[in-house]
Structures are given as C-alpha cells and as structure tokens.
Amino acid sequence: MSFVERLERWARRLKVEVHALYLAYKDPRVPWYARAFAAVVVGYAFSPIDLIPDPIPVLGYLDDLVLVPLGVALAIRLIPPQVLAECRERARATAEKPVSKVAAVVIVAVWVVLAALALWLVARVI
C-alpha cells in the first residue's frame, strides 16, 4: 500500500471518528466534561472556516494535520468505550456529515477580535 493510499485511509477513519464524536456528544451517557470537549473538537473539525487559514504556508495545514487528530484522540479517551462503539457504528452507517455554523461564527469572531486588537496596537504606536 502506497503512502498516499494509507493517508487517504487515515483521513476516512478520522472523518468517521469525528462523526462518532458528534454522535457521542449528544448521548446523555457521556460525562459533561467529555461532551464539552467533544463539542469543541467536533465544532472545529466540521467548521467551514479554519482558525489558521489554509493559504498560510505550513501553518495553514498544521491545525488539520495536528490539532484535529490530537483533539479527536483525547476526546475518544474521555468517552465510555461502549458508547463510542455504538456511535462509531452509527457514524459508519450515515453518509451525511454535519456542518458547524456556530463554530464558524466563533472562528470569525476570533479573527475580528484579533484584527481589532492589531489595529488598536498599531494606532497606539502611531
């Protein structure tokens, strides 16, 4: 199996894991702290907007290649195994991927606040 094929397989598994986390987030058997962390990870993973835009060299893909998989791995450890197994099965059976508009709004708000802060700092210097 070539490197590209392994990478594609890994990406497909990651999509299933994120979808399973989305389903687990809604499950009342999951502790509140695991639900909160899973909500943040899933919201960011399904957001149509990245915190670090992809056109920025190297850093643009850093969140997709490092932050999301690390967040998924930690969230998986917080969820009870039997709940996660059920959610994985449901995620594999469902082809539809949710989109997080709330996370997109939060990310845009972060960028607006950072831009305002940068303008304020520049105005203070000038």
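A short reminder: the numbers here are calculations on the coordinates, not readings from a lab. All values reported here derive from a predicted model rather than from experimental measurement. When we count neighbours, we look across all protein chains shown, and the Cβ atoms used for this are built from the backbone with ideal geometry, even at glycine.
Descriptive notes on the structure:
- Fully extended contour minus Cα-Cα distance, from ILE126 to GLU8, at 0.36 nm per residue: 37.5 nm
- GLU86-VAL58 FRET efficiency (beta carbon distance; Förster radius 41 Å; 0.05 resolution): 0.60
- Listed candidates [x] 12, 36, 31, 14, 6, 2; [y] 13, 52, 33, 1; [z] 13, 47, 36, 5 - label of the one calculated as P(r) over Cα pairs in 10 Å bins from 0, in percent: [x]
- ALA109 versus VAL40: modelled label distance in nm, points set 7 Å from Cα along the beta carbon direction: 1.5
- The chain - percent relative contact order, Cα under 8 Å, separation 6 or more: 34
- Among ILE79, ILE126, ILE52, ILE107, a tally of other beta-carbon atoms within 10 Å of each Cβ gives an order, fewest to most, of ILE126, ILE52, ILE107, ILE79.
- Formal net charge of residues neighbouring VAL16 (Cβ-Cβ distance under 9 Å; K, R +1; D, E -1): +4
- For VAL83, net neighbour charge (Lys/Arg +1, Asp/Glu -1) across residues whose Cβ lies under 9 Å away: -1
- Other residues with beta-carbon under 14 Å from the beta-carbon of TYR61 carry, at +1 per Lys or Arg and -1 per Asp or Glu, a net charge of -4.
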